Every structure is written in structure tokens, then in C-alpha cells.
Amino acid sequence: MPVRKISGMGIFGRRIGGAGGGSDKGGGGFALVGIVVVAFGALGATGGVVGTSGLSSTSVGESVSVRKADAKKSARNGDSEAAWRRMGMREAKKVSKRDAECLAASHDQVQEFFLRTPCTSLDRMVLALDDGAGNSAVVSVVWVGFRSSGDVSRFRSVMDRQGSGDVYPLGTAVLEMADIHFTGLNYDAESNGKSIAIAETETARGSLDHELLDALAEVASQFPSP
């Protein structure tokens, strides 16, 4: 089981949960009521895409960390197109879902926490990113809202523990893709007042290195909740 690295308010590169938990999130088994699907073109389309093997001239020679810093700024402003473009990617397809409560969408100690401290909102999103060079990634983002920042802090104390369970992400099947298992190895989270964003990434096709996948998770965790 991978070890989490805690960085500031974020959870980075950690797998939550044992058998059936955290990295075994899957996302299947829940009715997808109220789902909104936004398609940005076929996965693998090259129009307007800058790939990791052919980045725009402003990105040539720049490290992932430099591009990530700029992308995170765009993400915090809600500009997903600019954020992913800075990372040499573009959205190919996106699905989002809002739930009334968190209990049914969680398991183990995380679910027990919700029994005592119900969330006030739950938004989940999964999206496909394409680099225009035959490589693609899937990104899961889960936003959980609470009544107070103290509830967020207490929730984090549960989420940060190995084997504590998790909130299920939306599965990749809703993107009309083969099921992709989120391992929890490319993971980041960001607390913001009364809410927390939890992001994970995985390679969907081709080859994307671990540093880039980690960076994509960091960028994704910066997006404001819907």
C-alpha cells in the first residue's frame, strides 16, 4: 500500500483504505441521477491541443513544476481550458454529478464520519484529458462541503489516515471509456474554508509520467466547486 505524503493542506500520492477502500474506489454501483455530460470532442482529437511531445513554444524547456504553478492559478480562477492547456492537455470529455448527501457515496470510517457529521454538499466530476500525441489521462475530483471549517479539519483527520475509507469518485464508464482503477498514487486535496476538493489522476491511454500525473492532480484540486 503506497504511503501518503502530506504537503500543506493537500494529500499527495497516498492511497486511502484497505480492501475495497480509497484506491479501490471504482465509482460503480451508484445511480447516476442528475448527471451532466459535456463533450469537447473525440478523445484523441488533435485540434488546438498541445501535447507533451510537442508543447507550445511558451512551454518548451519549462519544467512541469513551472507550468503547474501557472496552471494552478488558472484553475483557482475557474479557467479549466487555460489550466489544462498550460499542462499540455485539453479536455476531451467531462461528466459531473451533484448528490444530496454523502453517506451512500462513501465507505468505512469516512462513512462513519458522515453519520456523525453530515456533509452539506457533494459534487463529483470525472474528465478525460488528451495531449494530442496519443496519450490521455482521466481525472476525478470530489468536492465535499460542510457546515464549518472545523468540520472540514475533522474530516481531513479521518481522510488522512491509512485504511479509513473514502468518498467514491464517478467511474470512467460514464465517460464511455473502459473501467480505469484509480490507484491513489497520483493524488492531491485542497481545503478551502467550509469545503474540500479531492483529486486523483490515472493514465487512460499511452504513456504519461508520474510527475505529470501528480501535477494534473494538484491542478485539479484547485478548481472551485461547481
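The values are calculated or read from the model by the stated rules, or taken from the named source; none is laboratory data. Please read all numbers here as calculations on a predicted model, not as lab measurements. Note that each Cβ is placed from the backbone with ideal geometry, even for glycine, and that neighbours are counted across all protein chains shown. The area values use the complete protein model at the heavy-atom level, side chains included, leaving out ligands, DNA and RNA. Shrake-Rupley method; radii C 1.70, N 1.55, O 1.52, S 1.80 Å.
What to note about this one:
- Highest average first, the peptides 71-78, 102-109 ordered by how many other beta carbon atoms sit within 10 Å of their residues are 102-109, 71-78.
- Environment charge of residue 137, counting only residues whose C-beta is closer than 9 Å and scoring Lys/Arg +1, Asp/Glu -1: -2
- Under 14 Å from residue 97, Cα to Cα: aspartates and glutamates that are on another chain or at least 8 residues apart: 123
- Contact order normalised by residue count of region 64-212, Cα under 8 Å, 6+ apart, percent: 23
- Count Lys and Arg as plus one, Asp and Glu as minus one, and take only other residues whose Cβ is under 13 Å from that of residue 94; the net charge is then -1.
- Per residue solvent-accessible surface (Å²) - region 61-107, probe of 1.4 Å: 45
- A Förster radius of 30 Å combined with the Cβ-Cβ distance from residue 63 to residue 161 puts the calculated FRET efficiency at roughly 0.40.
- Within region 72-146: Cβ-based charge dipole about Cα centre, in debye rounded to nearest 20 (Lys, Arg +1; Asp, Glu -1): 320
- Protein accessible area in region 107-199, 1.4 Å probe - carbon and sulfur %: 47
- Euclidean distance between Cα centres, region 178-198 to region 98-140, Å: 7
- Region 96-182, dipole about Cα centre (Lys/Arg Cβ +1, Asp/Glu Cβ -1), debye to the nearest 20: 420
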